[in-house]
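Everything on this sheet refers to the single structure shown next.
Nothing in this text is a laboratory measurement; each read-out follows from the coordinates by a stated rule. On a predicted model such as this, the values are computed, not experimentally measured, just so you know. Cβ: placed from backbone, ideal geometry, glycine included. Neighbour counts: every protein chain shown.
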Amino acid sequence: MAEQRATLSTLPTALIEELHDILALTDGAQRAAQPEMMKALQTALDARRQRIIISETALGTMKWVAILLQALCTMIAIAMVHSDNRLSCAIALSLFASGVALSMLLIAAYGRPFTAIGPELLKQVIPS
């Protein structure tokens, strides 16, 4: 997903094998638990589908240009308001610039969520 090679058209072999195992249950107690297992499998397939959809989203250049232009306009307005006092101007611009930089960092980090987190965390939640 981090490399954007996973698609919704490719079938997850492990989940398909699990579906076959669930459908092959014949014991009475196992058949009683079959609907719950199907719900859990459906939840896993839905989670996979959502992760693939998220991995295919991208931040466009226009969004970056818009946020930078908005930051520039706001910084010019702050500088114009505080032009008579250099210290207050410097403090206000520094605070706003720090906020813009933090916002851009967060947007960049969450723009590609599967590049920062590897599959190790997901493997830890898989029961042995």
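Given a Förster distance of 35 angstrom, what is the FRET efficiency for Gln42 paired with Met75, based on the Cβ-Cβ distance and rounded to 0.05? Please list the in-between numbers first.
Working: r = 50 Å, r/R0 = 1.42.
The pair Gln42/Met75 has a calculated efficiency of 0.10.
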Quiz item: How far apart, in nm, are two points set 7 Å out from the Cα along the Cα-to-Cβ line at Asp84 and at Ile107?
Solution: 3.4
Practice problem: Highest first, please rank the peptides 28-37, 89-98 by the mean number of other Cβ atoms sitting within 10 Å of their residues. | Solution: 89-98, 28-37
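Shape call for the range 59-111 from the C-alpha gyration tensor, a ≥ b ≥ c root eigenvalues: rounded (a/c under 1.5), prolate (a/b greater than b/c) or oblate? Please list the in-between numbers first.
Working: a/c = 6.28, a/b = 2.09, b/c = 3.01.
Note, shape of the range 59-111 comes out oblate.
For Lys123 and Ser94, compute 0.36 nm times the residue count separating them, minus their Cα-Cα distance, and round to one decimal in nm. Kindly include the intermediate steps, with their values, before the conclusion.
Working: separation 29, 0.36 × 29 = 10.44 nm, distance 4.26 nm.
Difference between extended and current length: 6.2 nm.
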Exercise. Kindly put His20, His82 in sequence by how many other C-beta atoms sit within 10 Å of each C-beta, fewest to most.
Key: His20, His82
